[in-house]
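Below: the structure, in structure tokens.
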Amino acid sequence: MITAKFGGTAVTPQNLRYIKQILTPCHKIVVVSAVGKEYKEDVKTTDLLRQYYENPQDYVWNAICDKYRRLVEVNGIAVDVEALLADAKQRATSYGVEYCMSLGEELSAKVVASFLNATYLEAEEIVRFNSGKCDYELTYRNVQNALTGVDLAVVGGFYGGENGNRQTFSRGGSDVTGAIFAAATNSTLYENWTDVYGVSVANPTKVHNVATVDSMSYNEMFLLSLAGAEVLHPDAVAPVEALSIPIKIGNFFNPNGASTLISSCPSSNKLLSIAEKVVDGKVVTTALHSYPRWQIMRLVSKFFQQNTAKIQFFDSEREFSSLKVYDLEFSDNMVRITTDLSILVQLYKTLIEGEQSAYFSS
Ligand code: ASP
């Protein structure tokens, strides 16, 4: 049995058809996000919903409606989308902001359930929160009960219910719902379908032609998620790790292309991956690796020697004469550099070159 989660880019008018192409008789649960971005400057449904809650203007609600109307129309889905939207609007500002933000996933799941002729499950009734935290035990029981006699179920990710209201996980939390359903059903595999080829050695939007990491351990994935790799929510690891259910992160545009398998086996790559995130206005770049400490120290010092070199960005080339380094931390299998600027591309190049020369010399 397989649990599959589809990110927001799959739930868009042009891409919804890919979901049908991926599903097999082994798939029993489909978890969906709210309609995502169709182009770079587009705004995610979840952000529009937050905006609408804070300032309920018609043009914002219309932008949300437009996304779901086109999703239904382009894919010829037999569902009364106007009734769904009117019902959602009635509830949009009556509860808290989290309730409002959950409506995107609810609408997606209702539409996708019709599209797939599957059973719609209401996440509010199944994924239960207690004092703002998910009650896993109760939720697992609810999942098992809800699935009795069901061939294929569709559920909205990201939210659950508590005391007549709704709670959400943090952003990107549909991954957590997917992990919960995979664990509750003891699935053989948790598939997480996104618009990139799994976990890359560095952020593929910043580094050209970056390789996918074929496999890594749960802990490596968790550390990378914490370090800023947005491909999987960090809280999506523990529920499936507890039952040794592997996670496959793949690209729905090309399901048989490169992907990452997360299981108990650690990666064999010397340089596993580099991730970056901004904390309190500072850029924290983390590299996960399995170099001996002397070797990674040598590579990092090479990076600092080269620091006056030109750093190639996608859109421009900038020259840095000085890089303000706030912190430099070496721990087992991890280097963390806190700076005032993004150094991901340059650090990646230094480490990759180092890795290649390590291969040549062995
Ligand atoms: N739609 C929510 C978000 O944009 C949750 C998710 O997509 O996982 O964060």
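When restricted to residues that are in contact (Cβ under 8 Å) with a residue 40 or more places away in the chain, open to solvent by 60 Å² or more (accessible area, probe 1.4 Å) and under 22 Å from Gln346 (Cβ atoms), the range 256-278 contains 2. Being part of a helix (DSSP H, G or I), open to solvent by 30 Å² or more (accessible area, probe 1.4 Å) and at pLDDT 95 or above is a condition met by at least one residue of the range 240-255.
Of the set (1) at negative phi; (2) loosely packed, with under 15 Cβ neighbours inside 10 Å, all apply to Ala229 but (2). Flag not set for Tyr140, criterion: in a strand (DSSP E or B) and more than 21 Å from the chain's Cα centre (by Cα).
Kindly establish whether Val176 is assigned to a strand (DSSP E or B) and either buried (at least 24 other Cβ atoms within 10 Å of the Cβ) or within 14 Å of the ligand (Cβ to nearest atom) (or both). In short, no.
Conditions tested, residue by residue: (1) of a type in the set (Val, Ile, Thr); (2) open to solvent by 10 Å² or more (accessible area, probe 1.4 Å); (3) assigned to a helix (DSSP H, G or I).
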site	(1), (2), (3)
Ala10	no, no, no
Asp42	no, yes, no
Asp47	no, yes, yes
Arg50	no, yes, yes
Val72	yes, yes, yes
Leu85	no, no, yes
Leu103	no, no, yes
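Only one of the listed residues (Leu103, Leu71) is within 16 Å of the ligand (Cβ to nearest atom) and closer than 27 Å to Ala184 by Cβ. That residue is Leu103. The set of residues in the range 87-101 that are assigned to a helix (DSSP H, G or I) and over 26 Å from the mean Cα position of the chain (by Cα) comprises Asp87, Lys89, Gln90, Arg91.
Condition (residue is farther than 15 Å from Ser108 by Cβ and surrounded by 20 or more Cβ atoms within 10 Å (Cβ to Cβ)) applied to the range 52-62: is it met by at least one residue?
Going residue by residue through the range 52-62, those that are farther than 15 Å from Ser108 by Cβ are 52-62.
Going one step further and asking which of them are surrounded by 20 or more Cβ atoms within 10 Å (Cβ to Cβ), we end up with 52.
Scanning the range 52-62, I find at least one residue that is farther than 15 Å from Ser108 by Cβ and surrounded by 20 or more Cβ atoms within 10 Å (Cβ to Cβ), so the answer is yes.
Restricting attention to the range 115-173, the residues being touching an Asp or Glu at 6+ places or on another chain (Cβ under 8 Å), closer than 28 Å to Gln21 by Cβ and open to solvent by 50 Å² or more (accessible area, probe 1.4 Å) number 1.
Kindly indicate whether Asp66 is open to solvent by 10 Å² or more (accessible area, probe 1.4 Å), modelled with pLDDT of 95 or more and within 23 Å of Tyr52 (Cα to Cα). The answer is yes for Asp66. Just to be sure before I move on: is Val111 among the aliphatic types (A, V, I, L, M), out of contact with any Cys (no Cβ under 7 Å at 6 or more places or on another chain) and modelled with pLDDT of 95 or more in the structure I sent? Criteria met by Val111.
Anything in the range 4-47 that is free of Cβ contacts under 8 Å to residues at least 12 places away in the same chain and within 15 Å of the ligand (Cβ to nearest atom)? List them, or say none. Explain how you work it out, then say what you get.
Of the range 4-47, the ones free of Cβ contacts under 8 Å to residues at least 12 places away in the same chain are 25, 39-42, 47.
Correct list: Asp42, Asp47.
The values are calculated or read from the model by the stated rules, or taken from the named source; none is laboratory data. It should be emphasised that the depicted structure is a prediction, and the values quoted were computed from it without experimental measurement. Don't worry about glycine lacking a Cβ; one is built from the backbone with ideal geometry, like all the others, and counts go over all protein chains shown. Heads up: the accessible areas ignore ligands, DNA and RNA and are worked out on the full protein's heavy atoms, side chains in. Shrake-Rupley method; radii C 1.70, N 1.55, O 1.52, S 1.80 Å.
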